[in-house]
Amino acid sequence: MKLATAFAALAGCTILATAPATAAVVDFTDIKATWFDVVSLGGPAPTTSGNGTASASVRWGTDTGSGQSGYDFDTIAIPQLTVNPPGGSATTNIGLFRHVNQPISGGTSISSAKLRLTTDVLVDGNFLSTVNFVYLFDHDETTNNADPCAYGGANGQGANINGCADRVLSNFNGQSEFFTIDGYNYALDVVGFLVDGNPVTNFLTVEQATSEAFLRGRLVLYSQAVPEPATWAMMISGFGLVGFAARRRRTVESVSA
């Protein structure tokens, strides 16, 4: 009788251990943006404004008559996201990104910049923690008079209407933190941009104009958001960013509230 009771208890524990987690609703509030770690290729040092507020900007390059180039980021009210651990959420807009694309002197652009979003995280209406999510923006400043252009085809058409478009990519960065739901560590991953209602990974920005797009993201497990070593290797060979070679994916154990 005792043996049967023990087996029944063990079976009950197994059922409890494997029971699926319940869905959780995640809200992000009091979101602040900060540009940092801007990698300049020359010319005047990049400058930032509005860091730590809802609207942050960075400017760079030697002005040739129309002003400096730069990035702007405006935070938005991110819609509620639902996860059923360990599953992820749907994709949504997480902020409004703009590239002020002005003609600047050659060799005075940037190759990358990082954006930090600091936000309070609420789970099922209860405050959980304040978390920093970090995204890397990879910037390719193209030669304006090339034909064909590096991206988008012929000069003078489409995104290249005013000269060759620049290209912006955004990737999740391993400096990001996470928050925990039912023992699972979550991060707000970035998946690309929404341009005129169309999802893209390569954002081509028009010369002598301000191009804007929503930055898109979704909740995933932290381990799924951080680029794997093979991805880093591809980025290094593709973008020539040697500095990435020394950065390893870190294992984060906790987040301070």
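The values are calculated or read from the model by the stated rules, or taken from the named source; none is laboratory data. Not measured: the values here are computed from a predicted model. Cβ coordinates were reconstructed from backbone atoms using ideal geometry, including for glycine residues, and neighbour counts include every protein chain displayed.
Output the number of residues of the stretch 21-42 satisfying the condition of being at pLDDT below 95 and surrounded by 13 or more Cβ atoms within 10 Å (Cβ to Cβ).
At the first step, the residues of the stretch 21-42 found to be at pLDDT below 95 are 21-22.
Still in the running and surrounded by 13 or more Cβ atoms within 10 Å (Cβ to Cβ): 21.
So the answer is 1.
If a residue has to be under 14 Å from residue 111 (Cα atoms) and not hydrophobic (A, V, I, L, M, F, W, C) to count, how many in the stretch 45-63 make the cut? Write out each step before concluding.
Applying the first criterion (under 14 Å from residue 111 (Cα atoms)) to the stretch 45-63 yields 45-46, 58-61.
Checking which are not hydrophobic (A, V, I, L, M, F, W, C) leaves us with 46, 59, 61.
Residues in the stretch 45-63 being under 14 Å from residue 111 (Cα atoms) and not hydrophobic (A, V, I, L, M, F, W, C): 3 in total.
Against the condition surrounded by fewer than 17 Cβ atoms within 10 Å (Cβ to Cβ), part of a strand (DSSP E or B) and of a type outside the set (D, E, K, R), how does residue 119 come out, does it pass?
Values: surrounded by fewer than 17 Cβ atoms within 10 Å (Cβ to Cβ): no; part of a strand (DSSP E or B): yes; of a type outside the set (D, E, K, R): yes.
So residue 119 does not fit the description; no.
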| request: Only one of these is closer than 16 Å to residue 222 by Cα, among the small types (Gly, Ala, Ser) and touching a Lys or Arg at 6+ places or on another chain (Cβ under 6 Å): 129, 89. Name it. | output: 89
| request: Go through (1) farther than 30 Å from residue 223 by Cβ; (2) out of contact with any Ser or Thr (no Cβ under 9 Å at 6 or more places or on another chain); (3) modelled with pLDDT under 95; (4) of a type outside the set (Phe, Trp, Tyr) one by one and return the number of the condition residue 18 breaks. | output: (1)
| request: Go through the stretch 203-248 residue by residue and tally those that are farther than 28 Å from residue 87 by Cβ, modelled with pLDDT of 85 or more and not in a strand (DSSP E or B). | output: 3
